[in-house]
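Colleague: My questions all concern the structure below.
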Amino acid sequence: MQSNAPFRTIITHYQLTGTKDPSLKVKRKGTGLSRLVLMSLNTMTFAARHFWRRRGASDEHTQTGSVRRAYLSRRLILPCLALLAWVGGDGCALRQFAVNQVSNAVSQSGTSYASDDDPDLIKAASPFSLKLMESLLSDNPRHRGLLLASASGFTEYAFAFVQEEADEAEEHDLAGAEALRARARRLYLRAQGYGLRGLDVAHPGFSGALRAHPKIAVQTATKKDVPLLYWTGCAWAAAIALSKDNPDMIAQIPAMEALMDRALQLDESFDHGAIHDFMITYEMSRHDTAGDPAVRARRHFERAMVLSGGNEAAPLVDMAEAVDVQKQDLKEFDSLLQQALAINPDAHPEMRLVNLIMQRRARWLLARRADLFLVTP
């Protein structure tokens with residue numbers, strides 16, 4: 001569970017004040033949600049459920065008519081924001097209607113960010129989007145779409161722009177790297193909290209039952225819950241991996257495992273094999289399953305490659321980092337990372353951003369061959 005590999009995407013939100021993370025704080029001007037009317041339409045739709053790639057690929061959002069619904073949602077955002085700015089007072093039915101419409105639009109709209117070719121631009125824009133989501137949740141705390149978007153968004157941001165930076169900084173700034181990992185852990189736990197809230201909305205009492213009897217509790221989840229199961233499990237696993245000196249966190253492994261196992265059981269093809277991709281890394285540290293962990297990880301790698309059509313760098317990078325380093329298989333390590341780098345990000349624009357980010361990690365891993373392997377040519 002040491003590797004960062006399973007996560008690939010970003011975020012959403014706009015909490016005007018109150019955050020403990022200064023890089024996510026936005027100065028307040030005006031009051032309440034009326035301030036949102038000053039945001040542009042493109043910035044609002046940036047806070048859609050999955051803006052690197054559509055992570056809920058198997059859910060209702062991507063079925064027939066989804067493009068039309070996304071277009072209509074975008075068209076509704078500005079009128080609803082204007083209504084929010086005009087209507088005052090908490091508890092107003094008209095205001096709640098506007099809040100619901102904005103929440104639906106933000107959580108369902110498709111975006112162009114998955115095809116962006118500038119990860120640094122996305123990194124700079126992400127905190128604003130995340131805080132927008134949190135602000136909407138303060139008025140609409142049981143909105144399942146917003147809770148899913150927040151769970152996935154904070155997980156993605158923490159991995160791609162916080163923990164990745166920590167890994168790259170460690171060699172020259174150990175203290176700075178540890179501070180970044182502490183921040184990443186807080187973000188992962190925030191994401192996990194949103195994910196559990198989303199599951200509680202669908203299945204009241206789910207989070208409490210999960211902690212008490214994990215394998216029994218997850219049986220109530222259905223295929224529709226897979227996106228929440230996946231993102232909650234990813235965030236939880238990442239937080240545990242950064243809390244190896246915390247017995248309370250380690251004790252939560254069975255609950256996290258139950259989420260991911262149930263998600264895989266319900267929909268192994270979710271988001272082109274994303275759950276299999278997670279398992280490539282996780283199997284190497286799992287102790288409750290029979291057989292060689294490297295063999296289990298390879299089976300997941302093969303399925304992830306099939307389900308992704310070989311168009312994603314992530315399974316290749318994950319296999320090289322999680323399995324080949326542990327097995328000290330330098331030949332395959334080099335081969336897989338070179339395959340990842342050979343993928344043309346422009347060939348599949350919907351995967352461009354995630355492939356660019358994983359290719360960056362592939363280059364970083366290749367640059368560390370001498371540190372990762374006992375013998376190098």
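Colleague: Let a ≥ b ≥ c be the square roots of the eigenvalues of the Cα gyration tensor of the range 268-377; is it rounded (a/c under 1.5), or, if not, prolate (a/b larger than b/c) or oblate?
Modeller: Note, shape of the range 268-377 comes out oblate.
Colleague: Among Leu210, Gln163, Gly233, whose Cα sits farthest toward the positive end of the charge dipole of the range 161-245 (+1 at Cβ of Lys/Arg, -1 at Cβ of Asp/Glu, about the Cα centre)?
Modeller: Of the listed residues, the answer is Leu210.
Colleague: So for Ile275, Ile250, fewest C-beta neighbours within 10 Å to most, what's the order?
Modeller: Going from least to most buried by this count: Ile250, Ile275.
Colleague: Can you give the extra length, in nm with one decimal, that the chain gains between Ala367 and Arg142 once fully stretched, where that is 0.36 nm per residue apart less the Cα-Cα distance?
Modeller: 76.4 nm
Colleague: In the range 142-223, which GluC sites (Glu not before Pro) fall in coil by DSSP and have 15 or fewer other Cβ atoms within 10 Å?
Modeller: Those that pass, being in a loop and sparsely packed, are Glu170, Glu171.
Colleague: Something else: With a sphere of radius 11 Å drawn around the Cβ of Tyr194, what net charge do the other residues whose Cβ falls strictly inside it have (Lys, Arg +1; Asp, Glu -1)?
Modeller: Spelling it out: positives minus negatives among the neighbours equals +1.
Colleague: Report the relative contact order of the range 217-352, percent, no decimals, based on alpha-carbon pairs under 8 angstrom and at least 6 residues apart.
Modeller: Relative contact order here is 18 percent.
Colleague: Dipole of the range 268-377 (Lys/Arg Cβ +1, Asp/Glu Cβ -1, origin at the Cα centre): which of Ala297, Thr281, Gln326 lies farthest to the positive side?
Modeller: Going by the Cα projections, it comes out as Gln326.
Colleague: In addition: Say each of Glu170 and Asp245 gets a label point 7 Å from the Cα, pointing the same way as Cα to Cβ; how far apart are those two points in nm?
Modeller: 1.5 nm
Colleague: Taking the number of other C-beta atoms within 10 Å as the exposure measure, put Thr222, Thr289 in order starting with the fewest.
Modeller: So the residues, fewest neighbours to most, are Thr289, Thr222.
Colleague: Expressed in nm to one decimal, what extension gain is obtained for the pair Gln326 and Lys224 from 0.36 nm per residue of sequence separation less their Cα-Cα distance?
Modeller: Result for the pair: 33.2 nm of gain on full extension.
Colleague: With a Förster radius of 30 Å, plug the Cβ-Cβ distance of Glu350 and Gln265 into 1/(1 + (r/R0)^6) and report the FRET value to the nearest 0.05.
Modeller: 0.65
Colleague: Order these by the 10 Å Cβ neighbour count, fewest first: His272, His348, His287.
Modeller: Fewest-to-most Cβ neighbours within 10 Å comes out as His287, His348, His272.
Every number in this text was worked out from the coordinates using simple rules, so none of it is lab data. Since we're looking at a predicted model, the values are computed, not measured. All Cβ positions, glycine included, derive from the backbone under ideal geometry; neighbour counts span all protein chains shown.
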